[in-house]
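Colleague: One structure coming up, written as structure tokens, with questions to follow.
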Amino acid sequence: MSALIFLTVCFAALVYLAIRQAPLSIWAATIAVLTLIAQFGLPFSEPLLSLSGGAFIGWILAGVMAVLSIQPVRRRLVIRPAYGALKKIMPKVSATEREALEAGTIGWDAELFGGAPDWKKLRDVPPMSLSAEERAYIDGPTEELCRMLDDWDIRHTRRDIPEKVWNFVAENGFLGMLISKEHGGLGFSAQAQSLIIGKIASRCPDVAVIVMVPNSLGPGELIERYGTDEQKSKYLKRLAQGKEIPCFALTGPTSGSDAATMRDVGIVCKQTYEGKETLGMRLTWDKRYITLGPKATLLGLAVEVLDPDKLLGKGEAVGITVLLIPTDHKGVEIGRRHLPGGVAFPNGPNWGRDVFVPMDWVVGGQEGLGQGWRMLMECLSEGRAISLPATSTAAAKALLRNTTAYARIRKQFGLPIAFMEGIEEPLARLVETAYVCEAARSVTASMVSAGEKPSVISALLKYQTTERMRIAVNDAFDIHGGRAICDGPSNYLQSAYQAMPVAITVEGANILTRTLITFAQGALRSHPWLYKEVEALQDWNVDRGLAAFEKAFCGHVSFAVANIFGSLFHNLTGGFLSDAPAHAGVNRRWYRQLARSARSFALVADLTVASLGGGLKVRQKITGRLADALSELYLLSCVLKRFEDDGQPVADAKIVDYCAANHLYRFQQALKGVIDNFPVLPVKLLLRPLVFPLGARAKPASDALGKEITRAALQPGEARDRLTRDIFITDDPADPAGLLEHTFAKVTALQDADEKLEKAVRAGTIARNHTNDWISEARDKDVITADEAKALSELEELVTQVIAVDHFDPAEVLPHYRKADSQSLAAE
């Protein structure tokens with residue numbers, strides 16, 4: 001027993017030193033003291049003396065650490081050989097890779113990669129807030145725009161955006177939210193842009209796109225950030241007022257996800273332009289999938305610039321460059337429209353061959369040559385965090401609000417289908433999706449509003465919110481059944497269904513973003529030491545590089561040891577001693593589990609990069625699972641912060657518990673998948689006992705908890721409104737979604753009277769069929785009062801409208817171009 005106590009003390013001491021990342025001299029002294037005590041100093045040392053090898057190993061370890069704590073010795077024996085070996089095998093980081101890595105900023109993602117999150121940094125992210133002007137804009141012009149939209153008319157009848165909508169959007173400044181007031185725009189925060197785009201998307205995704213694109217990656221943002229004074233003066237006010245419609249052409253037939261391999265080129269040359277010899281370039285390009293392209297008046301174009309005659313003095317390969325080209329410029333060809341997913345926003349190809357443009361059309365002028373990839377990556381690190389998360393989150397909230405209302409109204413087997421366990425399960429997922437996506441959207445938008453450019457977080461947020469929207473759409477369709485699949489003016493789900501594949505595909509297809517970007521970029525960018533080591537190895541100055549490498553390498557070793565001991569300790573103790581902030585309150589256990597999980601993630605991520613090295617890019621199943629693990633930690637962080645920012649409402653505590661349990665379970669499964677399939681056997685054998693010493697013990701949220709959060713969402717009130725905040729809501733019975741909202745309120749108000757009626761039907765007192773007025777019969781038999789009968793009759797008419805599906809004359813559903821021939825086709 002004494003030996004066991006001593007070994008426990010030894011383990012605790014080593015864990016403390018590791019987690020504190022103590023210097024080697026302290027390690028050497030501690031091991032020496034412990035070895036000395038084991039041999040001579042205490043009564044229980046006697047049994048340990050029989051393990052002569054143990055004492056020998058202890059003194060050897062203490063001696064080695066003492067020697068290596070001497071900096072000149074350590075440099076000669078370890079650092080210099082490691083530096084030389086790694087420098088020989090380290091592949092050179094290309095310019096485009098470096099620009100992608102250095103674009104944006106690191107923040108909470110670095111805390112998660114570091115394994116010991118500083119809760120103060122999470123709390124320091126400002127809560128969601130809007131200026132009075134921004135809130136008035138959401139409640140005024142945005143609300144007005146939503147009310148004038150007819151989704152069915154836009155996406156089906158016209159398959160186009162009506163001119164009155166374009167005019168309203170332009171006249172009210174929607175296209176210039178991102179542009180500063182100084183240049184004629186609204187100068188709104190990222191948070192406001194996100195909420196405005198989301199509210200419009202909850203009404204009509206097509207119109208949200210025409211607002212979203214000019215306020216995301218495109219000419220407006222590029223000119224605002226990088227343009228010359230002349231370009232800003234010429235274009236920004238016109239863009240803000242909608243007098244110029246922008247598009248940005250990056251994707252081509254052979255360069256989709258791998259945009260850096262584009263074949264579109266600009267050859268630097270001199271040519272007569274407007275009557276005089278002008279330095280410029282001849283452009284040849286072929287682009288597709290360009291949103292707003294068919295409507296655009298100003299084309300943002302990315303090409304690879306070559307200078308074979310070396311007119312610029314920068315060598316032949318100048319690099320990716322972004323230009324601004326009026327679409328009516330000679331040689332610019334705007335193609336016909338694509339029809340992505342049947343949606344109505346304008347999207348199509350464009351191309352040109354040997355189109356000459358002057359050099360001052362380059363964004364930023366001649367100084368912007370070769371800077372295009374950096375510009376794009378920096379803009380994307382912000383834009384990807386706003387637009388698609390906003391639309392996906394709004395869709396999730398609208399799907400939840402509409403589906404809970406429908407499930408409460410729709411009856412089968414004598415009760416609302418919402419109260420059936422088979423329906424409760426997808427309803428609980430909808431509640432979770434809406435809460436989590438809104439938490440992540442608002443927290444991330446606050447980061448961007450505060451000046452951050454979270455490149456890694458924006459990547460994971462884009463793929464996570466759009467994937468969760470996909471699940472939410474499927475759940476909503478499953479619950480609505482035939483009501484969802486029959487399209488028509490009264491269908492309020494189809495637009496989300498049609499838009500969903502587009503959101504998953506654009507701004508980096510989710511498969512690419514998950515497997516190649518999120519973790520691979522995050523491992524270098526957010527790891528506390530790895531990128532510093534890479535930079536040191538690639539420094540042309542050997543002495544400076546060696547010094548930087550020594551600091552980074554030693555820091556990395558300490559970091560790895562801390563993760564090894566920290567993971568084992570916290571996983572053995574179930575996270576009970578993990579760090580939690582003082583303000584954690586009812587969520588203290590979730591903060592502790594998040595800290596424990598972050599330590600495990602940091603260990604697995606670090607050893608994955610160290611053992612796979614350059615082979616990481618081809619191990620995409622591994623990197624995809626690690627991206628999932630990182631995502632679950634980030635989303636749980638946002639859930640905990642949202643609960644605090646919302647004032648810790650008691651009604652939301654169960655939702656947090658449900659979300660947290662599922663985040664931790666999915667995190668466990670992702671990490672387990674990495675370890676089970678790890679290609680390096682020694683690392684695999686090391687990781688399993690460190691991460692899962694007691695097995696994979698996390699469980700998903702219980703059915704009982706799912707029932708609780710679902711029932712809360714099925715009742716009108718603050719909890720339901722918080723879950724679906726900042727989307728377009730109407731109770732106008734003439735509107736399909738308004739009819740649903742109006743009927744839902746009636747159903748819940750008349751619940752007691754309806755239950756009396758149902759009880760009488762089940763007892764056989766009342767006959768309910770199409771030949772009988774069962775409500776009047778119930779009144780006459782004193783089952784319900786006259787007032788209740790009147791209200792239930794009105795409700796019955798409303799319910800009939802809610803569950804009805806659209807149907808059409810056959811001629812109406814023929815393709816538009818065949819309508820004139822409908823009679824002859826019928827005759828055939």
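The values are calculated or read from the model by the stated rules, or taken from the named source; none is laboratory data. Because the structure is a prediction, the values reported are computed rather than measured. Here Cβ is always computed from backbone atoms with ideal geometry, including for glycine, and neighbour counts include all displayed protein chains. Only protein heavy atoms, including side chains, enter the accessible area calculation; ligands, DNA and RNA are left aside. Shrake-Rupley method; radii C 1.70, N 1.55, O 1.52, S 1.80 Å.
Colleague: Counting only heavy atoms of the protein chains, get the accessible area per residue of the stretch 458-605 (1.4 Å probe) and round it to a whole Å² value. Walk me through the numbers before you get to the answer.
Modeller: On the way: 5230 Å² over 148 residues.
Accessible surface, normalised per residue, equals 35 Å².
Colleague: Distance in nm between label sites at T765 and L339, each 7 Å beyond Cα in the beta-carbon direction?
Modeller: Distance between the two pseudo-spin positions: 5.6 nm.
Colleague: Roughly how many debye, to the nearest 20, is the charge dipole of the chain about its Cα centre, given +1 on each Lys and Arg Cβ, -1 on each Asp and Glu Cβ, and no other charges?
Modeller: 3220 debye
Colleague: I need the per residue convex hull volume for the stretch 710-788, using only the alpha carbons, in cubic angstrom as a whole number.
Modeller: On the way: hull volume 10.1 nm³, N = 79.
For the stretch 710-788, the hull spanned by Cα atoms encloses 128 Å³ per residue.
Colleague: Next question, about the same structure. Less than 19 Å apart at the alpha-carbon level, and either on another chain or at least 8 residues along: which aspartates and glutamates does that give for K551?
Modeller: E533, E535, D539, D543, D606
Colleague: In Å², and per residue, what accessible area does the stretch 655-776 have when probed at 1.4 Å with the other protein chains present? Let's see the in-between values first.
Modeller: Numbers: 5830 Å² over 122 residues.
Result: 48 Å² of accessible area for each residue.
Colleague: Convex hull volume of the Cα atoms in the stretch 519-623, per residue, in Å³?
Modeller: Details: hull volume 13.0 nm³, N = 105.
About 124 Å³ per residue, rounded to a whole number.
Colleague: What is the ratio of the Cα radius of gyration of the stretch 220-327 to 2.2 N^0.38 Å, with N the residue count, to two decimals? Walk me through the numbers on the way to the answer.
Modeller: Numbers: Rg = 14.8 Å, N = 108, 2.2 N^0.38 = 13.0 Å.
Output field value: 1.14.
Colleague: So, one more: Could you give me the ³J(HN,Hα) list for the stretch 659-674, computed from phi with Karplus coefficients 6.51, -1.76, 1.60 and θ = phi - 60°, whole Hz, x at Gly and Pro?
Modeller: Result, ordered by residue: 5, 4, 4, 6, 4, 5, 5, 5, 4, 4, 5, 5, 5, 4, x, 4 Hz.
Colleague: Each residue of the stretch 620-632 in order: what ³J(HN,Hα) in whole Hz does its phi give by Karplus 6.51 cos²θ - 1.76 cosθ + 1.60, θ = phi - 60°, with x for Gly and Pro?
Modeller: Using θ = phi - 60°, the values come out as 6, 5, 5, 5, x, 5, 5, 5, 4, 4, 4, 4, 5 Hz.
Colleague: Right, here's the next one. How many angstrom lie between the Cα centre of the stretch 272-327 and the Cα centre of the stretch 605-648?
Modeller: Distance between centres, Cα-based: 39 Å.
Colleague: Something else now. Using a 7 Å offset from Cα along Cα-Cβ at A13, what residues in the stretch 58-84 end up with backbone N under 17 Å from the label point?
Modeller: 58-66, by backbone N distance to the label point.
Colleague: According to a simple spin-label model (label point 7 Å from Cα along Cα-to-Cβ), what is the distance in nm between L4 and R80?
Modeller: Here the modelled spin labels are 5.0 nm apart.
Colleague: Amide H of N347: which non-local residues (sequence gap of 5 or more, or other chain) have their own amide H closer than 5 Å, using H built in the peptide plane?
Modeller: The answer is L292, H338.
Colleague: Going by amide H atoms built from the backbone, whose H comes under 5 Å of the H on C269, apart from near neighbours?
Modeller: G280, M281, R282
Colleague: Within the chain, what whole-number % of the accessible surface is contributed by carbon and sulfur, with the 1.4 Å probe and all protein chains included in the calculation?
Modeller: That fraction is 56 percent.
Colleague: Using just the Cα positions, wrap the stretch 550-679 in a convex hull and report its mean projected area in square nanometres, one decimal place. Before the final figure, lay out the partial values.
Modeller: Details: hull surface 36.1 nm².
Convex hull of Cα atoms, orientation-averaged projection: 9.0 nm².
Colleague: Another one. Expressed as a fraction of 2.2 N^0.38 Å, the rule-of-thumb size for a compact globular protein of N residues, what is the C-alpha radius of gyration of the chain? The partial results should precede the final answer.
Modeller: On the way: Rg = 31.3 Å, N = 828, 2.2 N^0.38 = 28.3 Å.
That works out to 1.11 for the chain.
Colleague: How big is the stretch 442-538 on each of its three principal axes, counting only the C-alpha atoms and giving the largest first in Å?
Modeller: 61, 28, 19
Colleague: Let me ask something else about it. Do the alpha carbons of any pairs in K672/K699; K234/K295; K121/K699 sit beyond 22 Å of each other, and which pairs? Working shown, then result.
Modeller: Details: K672/K699 13 Å; K234/K295 20 Å; K121/K699 29 Å.
Too far apart for the 22 Å limit: K121/K699.
Colleague: Regarding the stretch 449-497, what are the three Cα extents along the principal axes, ordered largest first, in Å?
Modeller: The principal-axis extents, from largest down, are 45, 19, 12 Å.
Colleague: How long are the semi-axes of the equivalent ellipsoid of the stretch 107-152, taking √(5λ) for every eigenvalue λ of the Cα gyration tensor, in whole Å from largest down?
Modeller: Values: eigenvalues 300, 48, 6 Å².
Taking √(5λ) for each eigenvalue gives 39, 15, 5 Å, largest first.
Colleague: Sequence-distant or interchain residues sharing an amide H contact under 5 Å with I320, placed H: which?
Modeller: V305, G372, W373
Colleague: Further question on the same structure: Output ³J(HN,Hα) for the stretch 111-117: one whole-Hz value per residue in order, computed from phi by the Karplus curve 6.51 cos²θ - 1.76 cosθ + 1.60 with θ = phi - 60°, and x for Gly and Pro.
Modeller: Along the stretch 111-117, the couplings run 5, 6, 5, x, x, 9, x Hz.
Colleague: Using only C-alpha positions, report the orientation-averaged shadow area of the convex hull of the stretch 646-753, nm², one decimal.
Modeller: Working: hull surface 44.3 nm².
Quarter of the Cα hull surface area: 11.1 nm².
Colleague: Answer with one residue from G187, G575, T278: the one whose Cα lies farthest towards the positive end of the charge dipole of the chain, charges on Cβ with Lys, Arg +1 and Asp, Glu -1.
Modeller: My answer, from the dipole projection, is G575.
Colleague: What translational diffusion coefficient, in µm²/s and rounded to a whole number, does the Stokes-Einstein relation yield for the stretch 109-224 at 20 °C and a viscosity of 1.002 mPa s, taking the hydrodynamic radius as the Kirkwood radius over Cα pairs?
Modeller: Values: Rh = 15.9 Å.
In µm²/s, the coefficient is 135.
Colleague: Shifting gears a bit: If we count every other residue with Cβ under 15 angstrom of I334's Cβ, Lys/Arg +1 and Asp/Glu -1, where does the sum land?
Modeller: On the way: positive: K287, R288, K295, K330, R336, R337, R353; negative: E244, D286, D328, E333.
Counting the neighbours of I334, the net charge comes to +3.
Colleague: Given the stretch 355-508, what whole percent of its Cα pairs are spread farther than 19 Å? Numbers along the way, then the final one.
Modeller: Details: 7157 of 11781 pairs.
Everything past 19 Å amounts to 61 percent.
Colleague: To the nearest 20 debye, what charge dipole does the stretch 702-789 have about its Cα centre, counting +1 at the Cβ of each Lys and Arg and -1 at the Cβ of each Asp and Glu? Spell out each step's value before the answer.
Modeller: Numbers: 12 positive and 19 negative charges, 72 e Å.
It comes to approximately 340 debye.
Colleague: By its C-alpha gyration tensor, with a ≥ b ≥ c as the square roots of the eigenvalues, how is the stretch 685-822 shaped: rounded for a/c under 1.5, else prolate for a/b larger than b/c, else oblate?
Modeller: Numbers: a/c = 2.38, a/b = 1.35, b/c = 1.76.
It comes out oblate by the Cα gyration axes.
Colleague: While we're looking at this one, here's another question. For the stretch 168-238, what is the accessible area per residue in Å², given a 1.4 Å probe and the full set of protein chains? Write down the numbers at each step before the final one.
Modeller: Working: 2110 Å² over 71 residues.
Ligands and nucleic acids excluded, the result is 30 Å² per residue.
Colleague: Let me ask something else. What translational diffusion coefficient, in µm²/s and rounded to a whole number, does the Stokes-Einstein relation yield for the stretch 242-284 at 10 °C and a viscosity of 1.306 mPa s, taking the hydrodynamic radius as the Kirkwood radius over Cα pairs? Could the numbers behind the result be given before it?
Modeller: Numbers: Rh = 13.0 Å.
Taking Rh from Cα pairs, D becomes 122 µm²/s.
Colleague: Please sort 524-531, 403-410, 66-73, 315-322 by packing, taking for each peptide the average over its residues of neighbouring beta carbons within 10 angstrom, highest first.
Modeller: So the order, starting with the most tightly packed, is 403-410, 524-531, 315-322, 66-73.
Colleague: Using Cα positions and a limit of under 20 Å, work out the lysines in reach of K276, with same-chain residues fewer than 8 apart set aside.
Modeller: K330
Colleague: Additional query: In the P(r) worked out for the stretch 502-545, what percent of Cα pairs fall beyond 14 Å? Intermediate results must be reported in sequence, preceding the final value.
Modeller: Details: 581 of 946 pairs.
Of all Cα-Cα pairs in the stretch 502-545, 61 percent lie more than 14 Å apart.
Colleague: Then there is this: Put a dot 7 Å past each Cα toward the Cβ at C486 and N677; how far apart are the dots in nm?
Modeller: Result for the modelled spin labels: 4.3 nm.
Colleague: Can I ask one more? Just going by the charge dipole of the stretch 261-393, with Lys and Arg at +1 and Asp and Glu at -1 on Cβ, which of T393, A317, V305 is farthest out on the positive end?
Modeller: So the residue we want is T393.
Colleague: Between their Cα atoms, which of K453/K617; K746/K790; K397/K462; K199/K641 are more than 18 Å away from each other?
Modeller: Details: K453/K617 24 Å; K746/K790 12 Å; K397/K462 16 Å; K199/K641 23 Å.
Distance filter (> 18 Å) returns K453/K617; K199/K641.
Colleague: Next question, about the same structure. Can you tell me the convex hull volume per residue for the stretch 164-266, based on C-alpha atoms, in Å³ to the nearest whole number? All intermediate terms of the calculation are to be shown ahead of the outcome.
Modeller: Numbers: hull volume 13.3 nm³, N = 103.
Considering the Cα atoms of the stretch 164-266, their hull volume per residue is 129 Å³.
Colleague: Let me ask another. Under 16 Å between alpha carbons, and skipping anything fewer than 8 positions from K287 in its own chain: which aspartates and glutamates qualify?
Modeller: D258, D264, E304, E333, D354, E507
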